[in-house]
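Just so it is clear, none of the values below were taken in a lab; they were calculated from the coordinates. Predicted, not measured: the structure shown is a model, and the values here were computed from it. Virtual Cβ from ideal backbone geometry, glycine too; neighbours counted across all protein chains shown.
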Amino acid sequence: MTETQTYFEPADPVSWARMVDKVLKGAPLDSLTRHDEDNLPTDAFYPVREDVAARGPLLPSVPSKRVTHGWDICQPMAEGSRNADILDALASGATALTLAGAMAEGIAGLLDQVVLSAITLGFEAPDDPQALYTAVLRCAAEGEIAPDKLTIDLGIDPFAARAPADSLVSGCALASKAISRAAHHHYVMRLDGWTRHNQGLTAAQELGFILAGIAEILRAGAARGIDPAQMAGRVSARVALPPDTFAGIIKCRALRVLWDGILSTCGVDAAARPPLRLQGYGGLRMMTVLDSEVNMLRTTTALLGGAIGGADSLAGFGHDVLTGESPAAARLVRMTQAMMIAESQLSTSLDPVAGAPFLETRTDALAAAGWTAFQEIEREGGLCAALANGMIAAQADSAAEHRETALRCGKADLVGVTLQPRAETVPVALSAFDTVRRPAAPVEQLRQAAAAKAPRILLLRGDDDGAAGAERTVRRWLQIAGLQALSLPGADGAAIATARPDCVFLCGDVGTEITDALDPGVTILTAAELAAADDKITLLGSLLLQGDDG
């Protein structure tokens, strides 16, 4: 008998339902249901499902490697990185690299002393992938490493904003060369949902985007006589991992379901379907410069979702990435993953959530929503057409606006941003992240403006029962904005005149004689007006216009 069985009676759905009914006091069970931004429900109870047993676990691309060595701990290397930076990353946890700005003529020096057969070597949208691929194979040959011993991801993204017009054509040509070498782990093109996530797409839209990209690539390959199964084997996908661990788990699993679905639709038999190489990158839109240490927690829970969800490669970013990632912060992310593998043993179980009704049902719901999003793109004529006519950009903008609106009106919270905000100097995020639609950005800008201005804000509290609560509401939002306020309980007209406020918040009934004593140029707001405002961030920002230069 286990320890839990010693202290707790066996539970069953009926007993759980009785407990919940008691707590709800007559309210319906679906009152506990919550919906995400794709309007997919998370219910309180999930019945046992017998149908998922036939599907079996959703496996990573190389299950044996996963169990023995874990997933690839990937370190994205910024453009301009040196050989010393690469060696340092590999010596402190990294087992995979993604190199930005790598050129064929300099790759040998960049990879000096790197054992290419021991790592996964990836690239970020190289300018000349053909020359780079040839140069890497030359480096391997000089080290007496056979091509089939290499794992390479060239990272050609035919659907990137600045991708050359012939990316699909050149990608298919390179795929043919990789196929002819019979090197199964040479991936040529990458479907990048992570970038689109950072621009605003929801989880279902991100999966739909990836699936539509796969369809375009398979069509392009078929037009050049490449078998769909062989073409699919040269494709990898990158998804964004959100701070919600469960959301990350189901996103990874749902993409594997969709991968099987689209290959099945293309007539590829189950036995001939190549596994999907799935990369999970910590999302950037969850990051903030406010109380940036909390980004460590966001990144850890994001990576945990990818680890349990079965991603083949994981990458995260240091908590200070928005202001310039430090080597120590990047190392911490790598070592966090190493601890997940070595100490927490998260890689020793393949698809550990398989069969769990909660996660299986949510996986299927997200996969269905992702398929619907894919069909919407196909109705536009495919992904290339949807990108050209602005459909994808419009989806991203709409979802980002909805996300920011929820934060602005107080329906959503972020730790360190709207929850428990810390009084601190707010740094400015690097311009490289301007295209990332971060919900925290409007609050950051408000805090920066507050530091440059010094409006004199006065709180006047009445004697009625709701005055104390009203004052707490006002002070909470002023703290979020980085604004200070002086409270004058029971103040008279003379005291107010001495304070010379730019703005006055009325918390409860303060009496008309007080408001009559205010200067006509003073902005007067009530706590009720602030609480009811649809955009509290903009409302508080307008107060800064009342202040003098700080």
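Here are the numbers for this structure:
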{"item": "Label selected from (1) 3, 16, 26, 27, 18, 7, 2, 0; (2) 4, 20, 31, 28, 14, 4, 0; (3) 3, 16, 23, 23, 16, 11, 6, 2, 0, the criterion being P(r) over Cα pairs in 10 Å bins from 0, in percent as computed here", "result": "(3)"}
{"item": "Estimated vicinal HN-Hα couplings, Hz - region 313-319 in sequence order (Karplus 6.51, -1.76, 1.60; Gly, Pro = x)", "result": "9, 10, 9, x, 10, x, 4"}
{"item": "Amide H contacts of LYS453 (H built 1.01 Å from N, under 5 Å, at least 5 apart or other chain)", "result": "GLY550"}
{"item": "Order of LEU322, LEU332 - criterion: other Cβ atoms within 10 Å of each residue's Cβ, fewest first", "result": "LEU332, LEU322"}
{"item": "Around THR95: net Lys/Arg minus Asp/Glu count, Cβ-Cβ under 11 Å", "result": "+1"}
{"item": "Global geometry of region 63-377, whether rounded, prolate or oblate, following the gyration tensor of its Cα atoms and the 1.5 cut on a/c", "result": "rounded"}
{"item": "Selection from ALA240, ALA368, SER170 lying farthest towards where the dipole of the chain points positive, charges on Cβ", "result": "SER170"}
{"item": "Other-chain or far-sequence residues with amide H under 5 Å of THR151's (modelled H)", "result": "LEU121"}
{"item": "Computed label-point distance, nm, for sites HIS35 and ALA161 using a 7 Å Cα→Cβ extension", "result": "3.1 nm"}
{"item": "Charge dipole of region 63-377 about the Cα centre (unit charges at C-beta), most positive-ward option of THR120, GLY213, VAL268", "result": "VAL268"}
{"item": "Residues of type lysines that LYS536 reaches as a straight line, Cα spacing below 20 Å, ignoring anything fewer than 8 places off in the same chain", "result": "LYS411, LYS453"}
{"item": "Protection-proxy order for peptides 100-106, 116-122, 69-75, each taking the mean of Cβ atoms within 10 Å per residue, highest first", "result": "69-75, 116-122, 100-106"}
{"item": "Rounded if a/c under 1.5, otherwise prolate or oblate - region 455-549, Cα gyration tensor axes", "result": "oblate"}
{"item": "Dipole magnitude (debye, nearest 20) for the chain, charges at Cβ of Lys, Arg, Asp, Glu", "result": "1140 debye"}
{"item": "Options GLN448, GLY316, SER92, ranked by Cα towards positive dipole end of the chain, top entry (Cβ charges)", "result": "SER92"}
{"item": "Dipole in debye (nearest 20) - region 455-549, about Cα centre, beta carbon charges: Lys, Arg +1; Asp, Glu -1", "result": "400 debye"}
{"item": "Cα shape, region 357-473, gyration tensor, a/c 1.5 rule", "result": "prolate"}
{"item": "Estimated [θ] at 222 nm from DSSP helical runs (n ≥ 4, -39500 (n - 2.57)) normalised by residues in the chain, nearest 500", "result": "-14000 deg cm²/dmol"}
{"item": "Peptides ranked, highest mean first, by Cβ atoms within 10 Å: ranges 171-184, 243-256, 32-45", "result": "243-256, 171-184, 32-45"}
{"item": "Dipole magnitude of region 63-377 about its Cα centre (Cβ charges: Lys, Arg +1; Asp, Glu -1), debye to nearest 20", "result": "520 debye"}
